[in-house]
1. Relative to the longest principal axis of the chain, what angle (0 to 90°, nearest 10) does the C-alpha long axis of helix 7-23 take?
2. Along the principal axes of its C-alpha atoms, what lengths does region 341-385 span, in descending order and rounded to whole Å?
3. Per the Kirkwood definition applied to all pairs of different Cα atoms, how many angstroms is the hydrodynamic radius of region 148-272?
4. Heavy-atom accessible area per residue, the chain, 1.4 Å probe: how many Å²?
5. Please work out the C-alpha center-to-center distance from region 140-165 to region 65-99 and express it in whole Å.
6. Within the chain, what whole-number % of the accessible surface is contributed by carbon and sulfur, with the 1.4 Å probe and all protein chains included in the calculation?
7. If only Cα atoms are counted, what is the Rg of the chain, and what is its Dmax, in Å?
8. Largest first and in whole Å, give the semi-axes of region 200-253's equivalent ellipsoid, each being the square root of 5 times a Cα gyration tensor eigenvalue.
Amino acid sequence: MEPSLPMAARKCLGALCAALLILSAGAHAFSAPVTLMRTPNGGIQPQAAVDNHGVLHVIYYLGDPAHGNLFYVRKKLGADAPFSHPVRVNSVADSAIALGTIRGAQMAIGKDDSIHVVWNGSEKAPKGSGGTPMLYARLASASSAFTPERSLITWAGGLDGGGSVAADPRGNVYVVWHASAPGKDEASGGVYLARSGDDGRTFARETKINTRPTGQCGCCSMRAFVDSAGTLYILYRSAGGNFDRDTTLLASRDGGASFASSMLSPWRLGACPMSSFSLAEGPGGVIGAWETADQVYRAPLSRSAVMIQAATAPAGSGKRKYPTLVSNKKGKSMLAWVEGAGWERGGALAWQVYGPAGQPEGPAGRANGVPVWSFVTAVARDDGSFLLIY
């Protein structure tokens with residue numbers, strides 16, 4: 001019989017074993033402090049954001065990929081507690097869609113931590129002007145339920161790829177989408193913006209905002225973002241001549257009244273890649289991420305919508321899609337993406353942490369398990385580490 005150990009000794013031994021397990025997790029456990037979390041309640045297509053009070057807000061999709069529902073949960077970031085009880089975002093049952101991966105919901109935090117959500121309507125959603133509706137719902141900070149969704153399309157119909165939403169603490173909310181008129185091709189399409197100055201209670205009639213005739217890649221999604229200075233950024237894919245599917249940036253410093261346009265990355269392709277974009281802000285400014293030719297790229301962007309550093313891609317190869325960016329208070333950032341995904345096929349999540357100067361820190365991480373029609377989302381903690389939800 002082995003000699004027994006005093007309780008204090010057994011506790012010390014357990015702590016030592018735990019420390020050894022952390023050390024054995026790999027070198028990137030320290031150079032890339034990243035924690036993985038499954039999407040709450042078995043959902044897919046998570047979107048996450050943290051408000052100024054350290055509360056983590058998450059939306060996700062459940063149901064048939066062609067017609068399902070969106071749910072919202074929250075919790076204090078870092079707290080050892082479960083998420084709140086799920087609240088359904090869409091008041092019309094099964095009015096959301098996950099099919100194709102890039103038509104799902106997007107979320108933004110606005111004035112007084114209000115939550116703003118947009119999504120493409122499914123075939124079970126009430127049809128708005130021009131066919132598929134661009135649906136919007138809002139959760140006020142003092143409310144327990146979202147407002148009934150409504151379509152913001154009044155005339156610019158022909159929605160296909162997913163739209164986006166951005167909001168700021170001053171009560172401005174921006175909803176963007178791209179569409180082509182019935183019977184027209186992608187080369188004639190445009191980017192449209194509906195603006196609210198009262199935290200989403202009312203919206204002005206949409207206006208076309210792409211200043212150059214770039215066209216728009218019909219079934220790619222978009223990304224909108226407002227930085228701390230109030231500059232509005234919008235990333236989308238063009239379709240000039242139905243072949244020039246370039247990553248294009250629109251930026252406005254006057255609340256969406258006017259926009260400067262920049263082509264960030266060319267891609268000559270005679271088909272829609274069903275791609276997505278990401279934007280994030282850190283101490284060094286705004287960073288953008290996109291997909292070109294089965295690779296994901298990141299680059300700092302200036303407030304005047306001009307690239308200030310060449311785009312870079314993570315080391316390695318293979319088909320990469322759905323980039324997600326996040327930056328922390330220490331100036332570090334993380335780019336995450338999905339590898340091996342395709343139509344009706346899930347994939348693996350991967351990530352790379354970057355230092356304040358944009359240099360990779362440690363090797364890239366990778367883990368299997370991204371579900372079909374899904375992707376990853378990420379937030380930064382106050383201690384400088386990152387949380388990846390998939």
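The values are calculated or read from the model by the stated rules, or taken from the named source; none is laboratory data. In this text, all values refer to a predicted model and were calculated from it rather than measured experimentally. Protein only, heavy atoms only, side chains kept; ligands, DNA and RNA dropped before computing areas. Shrake-Rupley method; radii C 1.70, N 1.55, O 1.52, S 1.80 Å.
1. Orientation of helix 7-23: about 40 degrees from the principal axis.
2. 37, 21, 15
3. Working: mean 1/r = 0.0689 Å⁻¹.
Answer for region 148-272: a Kirkwood hydrodynamic radius of 14.5 Å.
4. Values: 15970 Å² over 390 residues.
Per residue, the chain has 41 Å² of solvent-accessible surface.
5. Region 140-165 and region 65-99 have Cα centres separated by 15 Å.
6. Working: 9020 of 15970 Å².
Summing carbon and sulfur atoms, their accessible area is 56 percent of the total for the chain.
7. When restricted to the Cα atoms of the chain, Rg and Dmax are 21.2, 84 Å.
8. On the way: eigenvalues 104, 38, 22 Å².
So the equivalent ellipsoid measures 23, 14, 10 Å along its semi-axes.
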